[in-house]
Amino acid sequence: MKTLLLAVAVSTLAWAAPADAQDCRTNFGGVYTFAHSGIKPDGAFFSSLVSFGFRTDGTFDVVGVINKRGTGPFLVDAKGGHWRWVEIGDQCDLVVDRQDFLGRVSFDGRFISFVTTDDEQLAGVAIRDAP
């Protein structure tokens, strides 16, 4: 199952057209609404709708709701997370807080496709709320 989810997630990342990294970086930032789903390490399915507020200083805040099967919904309100750019080919990729949470930013900075490669398997797309 993990291999299948990872394959789907990688194909999700592939939608971002190749782009000049500087344009991605120049256009990146702001509040992105992120819908995603996946499987927690305990095997429970979860989905969420959260907003990431990415700042150019490499920090972000996140607020939203996570729905986990068996425990119901719970609120997320975390301040001061960290992100950084990573170089993977000529794409704009960022890592959020940990090495295995990867996002690929679209050329115009409006979309981020996220995937994890650890035991918390998730994939989804974030859309910037406003330019």
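What the table below lists for this structure:
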item	result
Rounded Å value of the spacing that divides the Cα centres of the stretch 33-56 and the stretch 66-92	6 Å
Ordering of 67-80, 50-63 by packing [mean C-beta count within 10 Å, highest first]	50-63, 67-80
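Bear in mind these aren't lab numbers, they're just calculated from the coordinates by the rules spelled out. Since the model is a prediction, treat every value here as computed from it, not as a measurement. Every residue, glycine as well, gets a Cβ built from its backbone with ideal geometry; the counts of neighbours run over all protein chains shown.
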